[in-house]
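The values are calculated or read from the model by the stated rules, or taken from the named source; none is laboratory data. Keep in mind that what you see is a predicted model, and the values were worked out from it rather than measured. Here the Cβ positions follow ideal geometry from the backbone for every residue, glycine too, while neighbour counts run over all protein chains shown.
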Amino acid sequence: MLAKSLIAKHYTRRKVKKMANIKSAKKRILTAEANHKRNVAFKTMIKTAVKKALLAGSEDDKSKLAEAVAKVYQLCDKAVSKGILHKNTAARKKSRLTKAVNKLQK
């Protein structure tokens with residue numbers, strides 16, 4: 001019984017309320033949670049932009065496609081500069097998007 005509750009707390013890390021005794025540790029918990037929410041929101045924005053670019057790739061409008069791909073590139077580069085994504089992860093996302101768009105264009 002105890003092991004199950006410990007496992008559940010481990011996997012649902014963000015749902016468990018943490019209690020620190022030291023003031024600076026309490027502040028770090030709040031800061032880490034705020035950063036986590038911001039990072040998740042930014043990653044979601046990237047995913048949405050990729051979906052829009054793929055949708056634009058299936059259509060015939062070249063200018064809309066170029067604009068959508070440029071937006072994904074911009075968001076990925078910004079995420080790298082903010083430390084949200086690793087540079088190789090961003091490069092992989094951009095490469096996969098380009099390959100998918102080229103495949104749709106054929």
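Quick notes on this structure:
- Only listed residue being exposed (fewer than 13 other Cβ atoms within 10 Å of the Cβ), modelled with pLDDT of 95 or more and of a type in the set (D, E, K, R), chosen from 52, 82, 93, 78: 82
- Selection of the range 1-28 for residues being among the β-branched types (Val, Ile, Thr) and either closer than 30 Å to residue 77 by Cβ or at pLDDT 90 or above (or both) yields only 22.
- Test: residue in the range 57-74 that is within 12 Å of the chain's Cα centre (by Cα) and surrounded by fewer than 19 Cβ atoms within 10 Å (Cβ to Cβ): no
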